[in-house]
1. Looking only at region 126-146, filter to residues that are touching a helix residue (DSSP H, G or I) at 6+ places or on another chain (Cβ under 7 Å) and surrounded by fewer than 18 Cβ atoms within 10 Å (Cβ to Cβ); which one of those is farthest from residue 87 (Cα to Cα)?
2. Out of the helices (runs of 4 or more DSSP H) lying entirely within region 82-155, which hold 3 or more residues that are outside the structural domain of residue 64 (by TED's automatic domain parsing) and touching a strand residue (DSSP E or B) at 6+ places or on another chain (Cβ under 7 Å)?
3. Give me a count of the residues in region 216-226 that are surrounded by 19 or more Cβ atoms within 10 Å (Cβ to Cβ) and touching a strand residue (DSSP E or B) at 6+ places or on another chain (Cβ under 8 Å).
4. When the residues of region 167-215 are filtered to those that are on the phi > 0 side of the Ramachandran plot and in a loop (DSSP other than H, G, I, E, B), which remaining residue is surrounded by the most Cβ atoms within 10 Å (Cβ to Cβ)?
5. Quickly run through region 58-73 and pick out the residues that are more than 17 Å from residue 167 (Cβ to Cβ), in contact (Cβ under 8 Å) with a residue 24 or more places away in the chain and not in a strand (DSSP E or B).
6. Considering only region 96-114, I want to know if a residue exists there that is within 17 Å of residue 174 (Cβ to Cβ) and within 23 Å of the chain's Cα centre (by Cα).
7. Could you identify the single residue in 226, 183 that is in contact with a helix residue (DSSP H, G or I) (Cβ under 6 Å, 6 or more places away or on another chain) and more than 13 Å from residue 49 (Cβ to Cβ)?
């Protein structure tokens with residue numbers, strides 16, 4: 001049985017045709033007009049891709065920097081010792097540790113959004129695979145979260161790097177800013193994200209790659225975007 005739709009959300013959906021694709025500017029206008037929560041809602045993007053992530057050659061995964069950040073305070077945990085631990089702390093890491101940090105996480109304390117580790121710590125971090133893996137927090141060298149440059153990784157995370165990964169149904173989603181952002185800032189972020197997904201197209205992807213794209217806010221309805229136009233604009237914006 002489907003959950004009940006709140007009166008506020010029903011009202012937000014009025015006069016909004018969720019089946020008609022909109023251009024990006026019009027979609028943002030529609031969302032902002034309906035963002036009535038008492039907090040600064042996140043603008044979220046969901047992309048339905050023509051991939052089956054169960055196959056290794058169709059996995060879409062990576063990290064990219066949004067030009068205007070996410071507007072979200074990102075808490076970062078770092079596994080490191082000695083000088084590298086000091087560097088992480090000086091760069092702004094919220095939690096730094098080794099065995100002590102493993103114990104905290106095993107006890108259920110995961111008060112962070114991003115996890116970084118130096119290469120020599122991965123044997124230790126590997127004990128937490130069943131905890132960090134399902135949450136998308138496991139450090140990964142391909143994502144730049146297993147690195148000797150912990151200071152750079154911490155600063156990048158704080159500045160608005162976004163991790164993305166296709167889920168079982170081939171859907172990628174991420175926060176791309178806040179309702180309080182200007183339209184121009186949101187458009188730049190959205191185009192950058194779409195361009196990053198296009199660039200990450202796997203070798204095994206067949207047929208239509210970008211199938212559907214929708215925007216929504218934390219508490220509001222979703223709006224479909226004009227995919228061909230969005231893809232063209234994003235590719236143009238990303239070109240050097």
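1. If we take residues in region 126-146 being touching a helix residue (DSSP H, G or I) at 6+ places or on another chain (Cβ under 7 Å) and surrounded by fewer than 18 Cβ atoms within 10 Å (Cβ to Cβ), then 131 is farthest from residue 87 (Cα to Cα).
2. Values: elements: 82-91, 99-106, 122-125, 129-132.
Filter on region 82-155 gives 82-91, 122-125.
3. Final tally of qualifying residues: 4.
4. The qualifying residue surrounded by the most Cβ atoms within 10 Å (Cβ to Cβ) is 170.
5. Step one: of region 58-73, the residues more than 17 Å from residue 167 (Cβ to Cβ) are 64-73.
Then keep just the ones that are in contact (Cβ under 8 Å) with a residue 24 or more places away in the chain; that gives 64-72.
66, 67, 68, 69, 70, 71, 72 - these are the residues of region 58-73 that are more than 17 Å from residue 167 (Cβ to Cβ), in contact (Cβ under 8 Å) with a residue 24 or more places away in the chain and not in a strand (DSSP E or B).
6. yes
7. Only one candidate qualifies: 183.
Table: residues versus (1) crowded, with 19+ Cβ neighbours inside 10 Å; (2) farther than 30 Å from residue 218 by Cα.
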residue: 60; (1), (2): yes, no
residue: 67; (1), (2): no, no
residue: 82; (1), (2): no, yes
residue: 90; (1), (2): no, yes
residue: 93; (1), (2): yes, no
residue: 103; (1), (2): no, yes
residue: 110; (1), (2): no, no
residue: 118; (1), (2): yes, yes
residue: 124; (1), (2): no, yes
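The values are calculated or read from the model by the stated rules, or taken from the named source; none is laboratory data. Here the structure is a predicted model, which is why all the values come from computation and not from measurement. Every residue, glycine as well, gets a Cβ built from its backbone with ideal geometry; the counts of neighbours run over all protein chains shown.
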